[in-house]
Amino acid sequence: MAEKNDAGKGGVISTRSMEVAVGLLIALLGLIAVTDSHRVGAAWAEDGPQSGYFPNIIGWILIACGAWVVFQQLRRWRQDANKVFVTLHDFKPVLTMLLPTIGYVILIGFIGIYVASAIFIAGFMLFQGKYRWLPTLLVSVGVPLAMFVLFEIWFLVPLPKGPLESLLGY
Amino acid sequence: MEDIGNLMHGFAVALSWKNVLFMLVGILLGVLIGVLPGLGGANGIAILLPLTFSMPPTSAIIMLSCIYWGALFGGAITSILFNIPGEPWSVATTFDGYPMAQKGRAGEALTAAFTSSFVGAFFAIVLITFLAPLVAKFALQFGPPEYFAIQFLTFASFVGMGREPPVKTIASMMIGFALAAVGIDTVTGTLRMTYGIPALLQGFDFLIAVIGLFGLGEIFLTMEEGLSFKGKHGRIDPKIVLKTWAELPRYWATSLRSCIIGCWMGITPGGATPASFMSYGMARRFAKRKEKFGDGEIEGVVAPETAAHAAGTSALLPMLTLGIPGSPTAAVLLGGLLIWGLQPGPLLFVEKKDFVWGLIASMYLGNIVGLIVVLTTVPWWASILRIPFAIIAPVIVVICAIGAYTVHNNMFDVVMMVVFGVVGYVFKKLKYPLAPFVLALVLGDMAETAFRQSMLVSGGNLGVFWSNWLVGSIVTLGIVILLWPVMSALRERARGGPVAGGA
């Protein structure tokens, strides 16, 4: 997917390879829909259309769209040689957002959303924003605390909690 | 007239002190959402939806719709002062709004933007007031083929009128339909496309998709662009407001044209964003001082803002009367109505008069309150944008995660939100439109049911969609709009001009 190309400075992901990859994924999704529709029955039963009738049509349209996107891109393969989806230089900040977010979501399952949020915000401010510990502490503790008051106390909407909250009696 | 009486009664409902308070809170939250990157009308309302479950439905929907008005107003602030469109529909506002701010005319630009927004919205609300009861009465006679025809028209207009490549629009829409089919089939109870994964039994909720696609996706894009917010100071003093107001009537023609474009694009779901671009383009074409556009021309702020608000507001007309939303935000509001047990559609106007007219009255009041609020609080919002992105970004991710979790109290939804965020980032970059995706996910079950019932009635014969003049003309119109890009491409080719590629 991430085809290397010498067109830009450092590495780049080219638009054409990304287009083809997404086109193939769309066709794959269509294939999944069609396969499953045939499993549950995509034909016409005595009491009307079966469960897979509608998804089957959708699936075939998806396959056609995906194939068309890939076909169009392959036809323009040379013309689009210099189109850049993203350079690795620009993609690094995206990863510094995406990877901590994934970590944050995993963390929620173990220690609850409030503590995980505090760690996530603090980490981001310290490493990405290069803040000192005092403003970091204020924001990273203040925001989850405000959320806690808003959700658990005012609106009585329970959010995932972990060991710290149960220690405090919630 | 009976409807006027109903509207007056609606004002009485909307004017209770509690509802006015909710209105004010809604507007303030809405402007905040509009100003912050990564939070917009659609996902902002999706996140706040669970908080309104404990309120009475009328108050809740008043507050939520006011968040929408606020978000529409808020988008203009960032466009003009920071050259950063807080919302996609305010991109066209940056063309002339930011140059005006650079020349020290920020106050004028903001006043013009807010006032035009108000005018556009007001025009659309008047339209809703008079047209909605008629459409609702008409739609009472609709059967499944008519409903499917209307939905077909809705989706065909995305393909025919969108600015994205048609194949990508269709692909994005079909992914929405496919995801909507996952889970238990509502007609037969069969499990579809779950592949034995228990978490998929409930299917995909569009609220999660909205939060991921528009919220996280936007944050990822902003990270890539590495924005630093450097903006002009905005303060509006009353003298400038009055001076600008005195100047604005001069642009009545542009304003009226933009209102009509906006309402048209809002009702047929072209949406606020194309409406604003189209209106800007038309204003430039008809202007006497064409060369001044893009250089800080006040008319270039009036046109897109009027159209965007007219479209944003009139998108609620098909949502209320037919149960078919014209924009992702209208879809989220529809989701809210369903959760409160209110089924949008023609019957709503018969059975829940209080609610419908209370909502319409609150649209009038909400926009007046909104105009006053934004005119007086601009400097404050501008200072929020000076908070560095390194603080704002993680806080918004946290808010999105909480919002995704509270929809069903389900951790799997939070995981899906991140997946949708990545999809949103990639799709945005490859020019796959996101609105058809969301609307297909919302309407998927409804469209499928209408289609299957129609097929049942006709015994599998597609001729049912041409069985009477009404359904026949809607379907034919839909097909014409659907094939529009193909026809214009063929015409271009016949003329030997440049051919617009499909992908």
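The values are calculated or read from the model by the stated rules, or taken from the named source; none is laboratory data. Keep in mind the model is a prediction, meaning the values are calculated, not measured. Because the Cβ atoms are built from the backbone with ideal geometry, glycine has one as well, and the counts that use them run over all protein chains shown.
Worth a mention:
- Residue count for the range B:121-177, restricted to those that are more than 11 Å from every other protein chain (Cβ to nearest Cβ), modelled with pLDDT of 90 or more and closer than 28 Å to residue B:205 by Cβ: 0
- In the set (1) crowded, with 16+ Cβ neighbours inside 10 Å; (2) charged (D, E, K, R); (3) touching a Leu at 6+ places or on another chain (Cβ under 9 Å), the condition left unmet by residue A:90 is number (3).
- Residue check: residue B:268 meets all listed conditions (1) of a type in the set (Val, Ile, Thr); (2) surrounded by 24 or more Cβ atoms within 10 Å (Cβ to Cβ); (3) more than 22 Å from residue B:78 (Cα to Cα) but one, namely (2).
- Listed conditions (1) within 16 Å of residue B:397 (Cβ to Cβ); (2) surrounded by 15 or more Cβ atoms within 10 Å (Cβ to Cβ) are all met by residue A:103, apart from (2).
- Scanning the range A:83-98 for residues being assigned to a strand (DSSP E or B) and within 7 Å of chain B (Cβ to nearest Cβ) gives a total of 2.
- Search result, residues across the range A:42-68 that are assigned to a helix (DSSP H, G or I) and of a type in the set (Ser, Thr, Tyr): A:53
- Some residue of the range B:247-254 being at pLDDT 80 or above, crowded, with 20+ Cβ neighbours inside 10 Å and over 30 Å from residue A:60 (Cβ atoms): yes
- The residue of the range A:127-162 that is surrounded by the most Cβ atoms within 10 Å (Cβ to Cβ), among those that are in contact (Cβ under 8 Å) with a residue 12 or more places away in the chain and under 21 Å from residue B:410 (Cβ atoms), is A:144.
Condition check ((1) buried (at least 24 other Cβ atoms within 10 Å of the Cβ); (2) basic (Lys, Arg); (3) under 28 Å from residue B:336 (Cβ atoms); (4) more than 15 Å from the chain's Cα centre (by Cα)) across all residues:
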{"position": "B:66", "(1), (2), (3), (4)": "yes, no, yes, no"}
{"position": "B:81", "(1), (2), (3), (4)": "yes, no, no, yes"}
{"position": "B:92", "(1), (2), (3), (4)": "yes, no, no, yes"}
{"position": "B:103", "(1), (2), (3), (4)": "no, yes, no, yes"}
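- Selection of helices (runs of 4 or more DSSP H) fully inside the range B:372-461 by the criterion of at least 2 residues being among the acidic types (Asp, Glu) and more than 8 Å from every other protein chain (Cβ to nearest Cβ) returns nothing.
- Residue B:199 surrounded by fewer than 20 Cβ atoms within 10 Å (Cβ to Cβ) and part of a helix (DSSP H, G or I): yes
- Some residue of the range A:137-144 being over 23 Å from the mean Cα position of the chain (by Cα), under 24 Å from residue B:225 (Cα atoms) and at the interface with chain B (Cβ under 10 Å from one of its Cβ atoms): no
For (1) of a type in the set (Asp, Glu); (2) in contact (Cβ under 8 Å) with a residue 12 or more places away in the chain, each residue gets a yes or a no:
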site: A:12; (1), (2): no, yes
site: A:15; (1), (2): no, yes
site: A:36; (1), (2): yes, yes
site: A:39; (1), (2): no, yes
site: A:43; (1), (2): no, no
site: A:60; (1), (2): no, yes
site: A:82; (1), (2): no, yes
site: A:92; (1), (2): no, no
site: A:95; (1), (2): no, no
